[in-house]
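Quick notes on the structure that follows.
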Amino acid sequence: MPEALTLALQTPGLEWVIAVALLSALVYGFAGFGSALIFMPLATIFLSPPLAIAAFSLSAVGSVFTVFPGAWKVADRRQTLIVTGMSIVFMPVGIYLLRILPEVTIRTAVCLVTLFTLAMLVSGWKVPLRGGQSLHLGVGALAGITGGSTGLNGPPVVLFNLGTDQPVSVTRGNLACFLTLNSLFMMPMMWVQGLVDVQALLLGLILLGPYALGGLIGVQLFRPEAAALYRAVAFLLIGVAGVIGLPVWG
């Protein structure tokens, strides 16, 4: 174990990955979204996609203590549990794609999903959604596939929330709870498919502290009257991450 820890601490670009984890959690704390959209494009510059996804999912467990308690109080719990349940069911499908597709394909998909989601958010895309429980099941299934293959399970839920008439506080709580609960299952399912090793586990533990700290600070910074500012900052950082992370740069 000491040797494995030494190797994890010698991961190329580790200091940048730690900084990205702190920043992404900070944005997540005050904006209610955006952690994976910032972390994944930037982290995969230094880490292989499976390693980045596994480490991030473990570090995101810190949200259980920093973000989840407050979010659970305001979330639509029934809707959240339905979407989360379907996401977990379909997550192995996404992880299988992660296992068989070339790394450059996954990196490209991560950035394209990030930039597409940003475009929809900035444009104010909003189509009234109807479909009841069947729609919730479909959104959850899609989130499980995108989450397992790219680490981005939030975009389908974010875009779905844009089409509902729920208050912002509720949709924010729904997303925070969904992301936190999903993070508890990602690494075990990746382990089943042989994509998790000791390095991923230790790297996730290393990132757990910075991520938890960022989330805690972000939650303390949140002020409802400044929601528009928080969104603008999150949009800017997501856009920068999506562009910088494109494999065309090397």
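The values are calculated or read from the model by the stated rules, or taken from the named source; none is laboratory data. Here the structure is a predicted model, which means the values were calculated and not measured. Note that we place each Cβ from the backbone using ideal geometry, even for glycine, and neighbour counts take in every protein chain shown.
Report, by residue number, each residue of the stretch 184-206 that is touching a helix residue (DSSP H, G or I) at 6+ places or on another chain (Cβ under 6 Å), at pLDDT below 90 and within 22 Å of Ala25 (Cα to Cα). If the condition is that a residue be touching a helix residue (DSSP H, G or I) at 6+ places or on another chain (Cβ under 6 Å), at pLDDT below 90 and within 22 Å of Ala25 (Cα to Cα), then Met187, Gln199, Ala200, Leu202, Leu203, Gly204 are the ones that fit. Tell me whether the stretch 43-55 contains one or more residues that are in a helix (DSSP H, G or I) and closer than 20 Å to Val233 by Cβ. Within the stretch 43-55 (the criterion being in a helix (DSSP H, G or I) and closer than 20 Å to Val233 by Cβ), the answer is yes, since at least one residue qualifies. Selection of the stretch 85-143 for residues being charged (D, E, K, R) and under 24 Å from Gly245 (Cβ atoms) yields Arg99, Glu103, Arg107. Restricting the search to helices (runs of 4 or more DSSP H) fully inside the stretch 66-148 and requiring at least 3 residues that are among the β-branched types (Val, Ile, Thr) and in contact with a Ser or Thr (Cβ under 8 Å, 6 or more places away or on another chain) gives 103-123. Here Asp197 meets the list (1) out of contact with any Leu (no Cβ under 6 Å at 6 or more places or on another chain); (2) surrounded by fewer than 24 Cβ atoms within 10 Å (Cβ to Cβ); (3) touching a residue at least 12 places away in the same chain (Cβ under 8 Å) almost entirely, failing just condition (3).
On the given criteria, is Asn174 part of a helix (DSSP H, G or I), within 16 Å of Ala60 (Cβ to Cβ) and of a type in the set (S, T, N, Q)? No, not satisfied. Report yes if Ala141 is aliphatic (A, V, I, L, M), buried (at least 16 other Cβ atoms within 10 Å of the Cβ) and over 28 Å from Glu15 (Cβ atoms), otherwise no. Against the criterion (aliphatic (A, V, I, L, M), buried (at least 16 other Cβ atoms within 10 Å of the Cβ) and over 28 Å from Glu15 (Cβ atoms)), Ala141 qualifies. Taken over the stretch 149-168, residues that are assigned to a loop (DSSP other than H, G, I, E, B) and closer than 15 Å to Asn182 by Cα amount to 3. The numbered conditions (1) within 24 Å of Gly218 (Cβ to Cβ); (2) touching a Pro at 6+ places or on another chain (Cβ under 6 Å) are all true for Arg107 except (1). With respect to Ile53, is the statement that it is under 15 Å from the mean Cα position of the chain (by Cα) and modelled with pLDDT of 90 or more true? In short, yes.
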